[in-house]
Amino acid sequence: MGVNGGRVRSGGRWIQRWEPEDEEFWAGGGEGVARRNLVFSVLSEHIGFSVWTLWSVLVLFMGPEYGIDPAGKFFLVSMATLVGAVVRVPYTFAVARFGGRNWTVVAASTLLLPTVAAFVVMEPGTSYTTFMLCAVLTGVGGGNFASSMTNINSFFPLRKKGWALGLNAGGGNIGVPVVQLIGLGVIGASWGPRVLLAIYIPLIVASAVCSALFMDNLASVRNDAGAAREVVRDPHTWIMSLLYVGTFGSFIGYSFAFGLVLQSQFGRTPLQAASITFVGPLLGSLIRPVGGTLADRYGGARITLWNFVGMGVATAVVVLASLRASLPLFTTAFIALFVLTGLGNGSTYKMIPGIFHAKALARGLDGEAAATYGRRLSGASMGLIGAVGALGGLGINLAFRQSFQTTGSGTGAFVAFLAFYALCLGVTWAVYLRRPAVTAPHPTATEAPTRLGYAKV
């Protein structure tokens with residue numbers, strides 16, 4: 001039958017046999033199929049991220065005539081972040097229920113709803129409640145990440161997952177700076193926010209069409225209630241969720257908040273803020289695949305540990321710059337922090353399949369059996385970890401809202417973030433790197449992670 005030899009069913013393209021760990025299968029056509037699906041998965045996720053973060057740009061258009069203060073704007077973007085985090089859970093399981101290709105078409109098409117709604121209402125005089133509902137709708141764009149990562153995780157062998165997942169997520173994350181850069185052009189041309197929205201409507205349609213034409217479903221991917229229950233009970237799911245709050249939660253939270261902080265704390269105009277806002281998310285997105293590649297080579301836990309050290313240092317400099325009201329130092333340190341969040345995104349996500357593969361080996365499995373077990377549990381866990389991680393973005397925006405309400409500055413929020421990064425650093429070291437891995441002849445599945453070789457993930 002071959003790689004593409006599966007029969008067509010349910011109106012879509014289904015591949016019946018998929019064994020990426022088999023090197024002969026991979027070299028005989030599997031790699032080409034996987035890369036093709038990766039390309040169009042990145043496109044769909046990219047547009048999804050742009051729609052999810054639309055309000056990080058739209059709030060820059062909302063001058064005094066809109067009657068919304070900085071706290072109200074932070075709350076708008078917080079609601080978009082919240083919904084984007086919550087929908088990641090059902091989006092994860094939708095891949096196995098409907099097929100990766102089929103669900104990508106649906107998810108891409110759904111992005112038309114929030115974009116068209118915002119196009120209709122984006123003008124002074126619209127009620128705050130209406131704006132809030134539109135911001136809530138954009139949250140569906142955040143779900144695309146979970147389904148895309150779950151889908152691509154199934155296409156690639158373990159030895160390539162760090163690179164593939166990093167590229168998939170990084171290409172999607174670039175949707176954040178791209179929408180902000182387009183917003184900069186619209187603001188610079190003195191056009192209204194509807195122009196920005198009009199640009200994205202045909203892009204959404206193109207993404208859905210490309211997904212339908214060029215992607216595939218894997219028949220071997222099935223929802224597994226047992227796997228879902230197992231990962232919920234597994235402490236490593238929640239440990240990795242915490243670490244992902246620190247990396248991706250920071251990335252998406254800062255992406256929403258950067259422009260507002262520049263406006264509210266440093267008095268930047270919309271054009272001045274927009275001219276800087278996109279730089280941090282752009283660099284953070286571009287470096288995410290590097291984080292995955294470094295994790296493939298040196299171990300995700302080691303890269304993650306040192307990444308949190310760097311994030312702590314950068315945040316301390318941000319606090320110093322905030323206290324001194326130094327815009328150049330603040331901007332430089334904040335952009336460095338963005339870069340580190342992107343690097344950490346790649347390294348933490350690489351850890352997930354490595355952890356569950358190590359658990360498979362601990363159960364006495366090997367070869368394709370171990371790989372299948374690892375894909376089964378890592379796929380089930382990714383949506384939950386991604387959802388909890390995205391909630392970190394909600395926490396960041398709510399922290400900024402509270403800090404600006406009480407002190408008129410974001411300094412207090414940054415101090416809280418610094419403490420959280422210290423916690424993440426300690427957890428990474430204690431759970432995954434505290435002692436060198438040892439060889440155990442018959443380790444149990446519940447054995448301490450350092451004794452299962454998780455320091456190598």
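The values are calculated or read from the model by the stated rules, or taken from the named source; none is laboratory data. As the structure is a prediction and not an experimental result, all values here were calculated from the model. Glycine also receives a Cβ, built like all others from the backbone with ideal geometry; neighbour counts cover every protein chain displayed. Keep in mind that these areas ignore ligands, DNA and RNA; they rest on the heavy atoms of the full protein, side chains included. Shrake-Rupley method; radii C 1.70, N 1.55, O 1.52, S 1.80 Å.
Restricting attention to the range 271-283, the residues that are buried (at least 24 other Cβ atoms within 10 Å of the Cβ) and among the polar types (S, T, N, Q) add up to 1. Identify all residues within the range 284-337 that are open to solvent by 60 Å² or more (accessible area, probe 1.4 Å) and among the β-branched types (Val, Ile, Thr); write none if there are none. Listed by number, the residues that qualify are Val290, Thr293, Val313, Thr332.
Kindly indicate whether any position in the range 177-187 is in contact with an Asp or Glu (Cβ under 9 Å, 6 or more places away or on another chain) and open to solvent by less than 30 Å² (accessible area, probe 1.4 Å). No: the range 177-187 contains no residue that is in contact with an Asp or Glu (Cβ under 9 Å, 6 or more places away or on another chain) and open to solvent by less than 30 Å² (accessible area, probe 1.4 Å).
Which count do you get for residues in the range 18-38 that are out of contact with any Gly (no Cβ under 6 Å at 6 or more places or on another chain) and in contact (Cβ under 8 Å) with a residue 60 or more places away in the chain?
Total satisfying the criteria: 10.
As a summary of the residue check, Met79 satisfies the conditions (1) under 21 Å from the mean Cα position of the chain (by Cα); (2) surrounded by 24 or more Cβ atoms within 10 Å (Cβ to Cβ); (3) within 27 Å of Gln272 (Cα to Cα) except for the one numbered (2). Could you tell me which residue of the range 97-119 is farthest from Leu218 (Cα to Cα), considering only residues that are buried (at least 18 other Cβ atoms within 10 Å of the Cβ) and among the β-branched types (Val, Ile, Thr)? Of everything passing the filter in the range 97-119, Thr115 is farthest from Leu218 (Cα to Cα).
Restricting to helices (runs of 4 or more DSSP H) lying wholly in the range 245-299: which have 2 or more residues that are under 22 Å from the mean Cα position of the chain (by Cα) and within 17 Å of Met311 (Cα to Cα)? Steps first, please.
Numbers: elements: 250-266, 270-277, 279-298.
Output list reads 250-266, 279-298.
Quick one: how many residues across the range 324-342 are among the aliphatic types (A, V, I, L, M) and more than 19 Å from Ile396 (Cα to Cα)?
3
For the range 354-374, filtering for residues that are assigned to a helix (DSSP H, G or I), touching a residue at least 24 places away in the same chain (Cβ under 8 Å) and open to solvent by 40 Å² or more (accessible area, probe 1.4 Å) leaves 4. Quick check: anything in the range 134-151 modelled with pLDDT under 90, within 26 Å of Thr293 (Cβ to Cβ) and of a type in the set (Val, Ile, Thr)? Looking through the range 134-151, at least one residue is modelled with pLDDT under 90, within 26 Å of Thr293 (Cβ to Cβ) and of a type in the set (Val, Ile, Thr). Could we say that Phe40 is part of a helix (DSSP H, G or I), open to solvent by 10 Å² or more (accessible area, probe 1.4 Å) and at pLDDT 95 or above here? Answer is yes for this residue.
Is there a residue being in contact (Cβ under 8 Å) with a residue 24 or more places away in the chain and in contact with a strand residue (DSSP E or B) (Cβ under 6 Å, 6 or more places away or on another chain) anywhere in the range 101-112? Outline the logic, then answer.
Looking only at the range 101-112, we keep the residues that are in contact (Cβ under 8 Å) with a residue 24 or more places away in the chain, and these are 101-105, 107-112.
Restricting the remaining residues to those that are in contact with a strand residue (DSSP E or B) (Cβ under 6 Å, 6 or more places away or on another chain) gives 101-102.
Yes, because at least one residue in the range 101-112 is in contact (Cβ under 8 Å) with a residue 24 or more places away in the chain and in contact with a strand residue (DSSP E or B) (Cβ under 6 Å, 6 or more places away or on another chain).
Taking Phe266, is it touching a Pro at 6+ places or on another chain (Cβ under 8 Å), farther than 23 Å from Gly374 by Cβ and modelled with pLDDT of 90 or more? Give the steps one after another, and end with the answer.
Working: touching a Pro at 6+ places or on another chain (Cβ under 8 Å): no; farther than 23 Å from Gly374 by Cβ: yes; modelled with pLDDT of 90 or more: yes.
Spelling it out, it is not the case that Phe266 is touching a Pro at 6+ places or on another chain (Cβ under 8 Å), farther than 23 Å from Gly374 by Cβ and modelled with pLDDT of 90 or more.
Contact map, the range 255-270: first residue open to solvent by less than 10 Å² (accessible area, probe 1.4 Å) and of a type in the set (Val, Ile, Thr), second residue at pLDDT 90 or above and part of a helix (DSSP H, G or I), Cβ cut-off under 7 Å, separation 6 or more or different chains; pairs are Val261/Phe400.
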